[in-house]
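Q: What follows is a single structure, and I will ask about it in a moment.
The values are calculated or read from the model by the stated rules, or taken from the named source; none is laboratory data. From a predicted model like this one, the values you see are computed outputs, not experimental measurements. Here the Cβ is made from the backbone with ideal geometry for all residues, glycine too, and neighbour counts use every protein chain on show.
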Amino acid sequence: MFIVHRSYIIVKIMTNQAEMPEGFGGEGFFATKISSVVGLARANSIWPLPFATSCCGIEFMATMGTNYDLARFGMERLSFSPRQADLLMVMGTIAKKMGPILKQVYTQMAEPKWVIAVGACASSGGIFDTYSVLQGIDKVIPVDVYVPGCPPRPEQIIDGIMKIQELVKNEPLRRRNSPEYQHLLEKYQIG
Ligand code: SF4
């Protein structure tokens with residue numbers, strides 16, 4: 001099931017686009033840990049959900065365009081349905097009224113899932129130090145990677161995604177069941 005779902009990775013390995021995990025190889029065989037294979041597959045077939053509310057979203061459009069071509073990472077399939085996405089990319093100013101909606105989108109995503117705060121607004125409220133703007137999305141959901149800038153250039157967004165890939169690749173298979181992660185979710189009152 002997993003291999004079928006993530007079959008794209010097989011093509012990537014065959015075309016030498018993905019780095020081989022550590023392991024033992026010989027004529028006609030290669031052996032490695034299951035966690036390395038799963039990490040490799042996950043890291044190279046991330047499906048992002050773009051939660052774009054303002055200018056940073058435009059930079060993301062440039063990142064998806066031909067010049068920067070996010071598809072190189074196996075990410076051309078954007079998902080606007082939380083249940084079929086595993087990377088939440090929050091780009092733009094988030095009003096406090098939108099906080100619960102953002103949280104709902106996050107909780108609807110299946111595990112394992114990761115979050116990037118793209119730009120100053122999503123990371124910290126940016127220049128909008130006002131009563132109505134959320135001073136960083138980490139007030140309502142946990143964040144894995146912060147991308148600085150107002151707006152960040154597409155290169156910075158790609159750098160943030162590559163940081164997520166590193167995280168995904170090296171994360172233990174069961175990290176999401178770990179007491180630390182459970183504690184983090186409890187802190188955010190996410191069941
Ligand atoms: S960080 Fe700057 S560019 Fe991005 S949404 Fe905020 S104001 Fe716009």
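Q: So G74 passes all but one of these: (1) surrounded by fewer than 16 Cβ atoms within 10 Å (Cβ to Cβ); (2) in contact (Cβ under 8 Å) with a residue 24 or more places away in the chain; (3) over 24 Å from G149 (Cβ atoms). Which condition number does it fail?
A: Checking G74 against (1) surrounded by fewer than 16 Cβ atoms within 10 Å (Cβ to Cβ); (2) in contact (Cβ under 8 Å) with a residue 24 or more places away in the chain; (3) over 24 Å from G149 (Cβ atoms), the one that fails is (1).
Q: Please determine whether any residue of segment 164-178 is touching a strand residue (DSSP E or B) at 6+ places or on another chain (Cβ under 9 Å) and either modelled with pLDDT of 95 or more or under 15 Å from P50 (Cβ atoms) (or both).
A: Yes, segment 164-178 has at least one match.
Yes or no, residue by residue, for (1) surrounded by 14 or more Cβ atoms within 10 Å (Cβ to Cβ); (2) in the same structural domain as Q182 (by TED's automatic domain parsing); (3) of a type in the set (V, I, T):
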| site | (1), (2), (3) |
| --- | --- |
| S54 | yes, yes, no |
| A110 | no, yes, no |
| D129 | no, yes, no |
| I137 | yes, yes, yes |
| P154 | yes, yes, no |
| I157 | yes, yes, yes |
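Q: Here's a follow-up. State which residue pairs qualify: first residue closer than 15 Å to L102 by Cβ and inside segment 180-191, second residue outside any loop (DSSP other than H, G, I, E, B) and of a type in the set (V, I, T) in any location, beta carbons under 6 Å apart, and separation of 6 or more residues or different chains.
A: These pairs meet every condition: I190/T107.
Q: If you take the residues of segment 148-161 that are in a helix (DSSP H, G or I) and in contact (Cβ under 8 Å) with a residue 12 or more places away in the chain, which of them is nearest to the ligand (Cβ to nearest atom)?
A: I157
Q: Is it the case, given these coordinates, that V105 is in a strand (DSSP E or B) and either within 12 Å of the ligand (Cβ to nearest atom) or touching a helix residue (DSSP H, G or I) at 6+ places or on another chain (Cβ under 8 Å) (or both)?
A: Criteria not met by V105.
Q: Do you know which of the residues in segment 50-64 that are part of a helix (DSSP H, G or I) and under 15 Å from M75 (Cβ atoms) is farthest from the ligand (Cβ to nearest atom)? Give the steps one after another, and end with the answer.
A: Filtering segment 50-64 for residues part of a helix (DSSP H, G or I) gives 55-64.
Next, from what is left, pick out any that are under 15 Å from M75 (Cβ atoms): 60-64.
Details: F60: 10, M61: 13, A62: 12, T63: 13, M64: 16 Å.
Top of the filtered list is M64.
Q: Is it fair to say I141 is over 21 Å from F73 (Cα atoms), away from the ligand (no atom under 12 Å from the Cβ) and within 17 Å of the chain's Cα centre (by Cα)?
A: yes
Q: Can you report the number of residues in segment 112-127 which are surrounded by fewer than 18 Cβ atoms within 10 Å (Cβ to Cβ) and within 15 Å of the ligand (Cβ to nearest atom)?
A: Residues that pass the stated criteria total 1.
Q: Return the residue satisfying two criteria in turn: it lies in segment 18-49 and is of a type in the set (A, V, I, L, M) and loosely packed, with under 15 Cβ neighbours inside 10 Å, and of such residues it is farthest from the ligand (Cβ to nearest atom).
A: The selected residue is A31.
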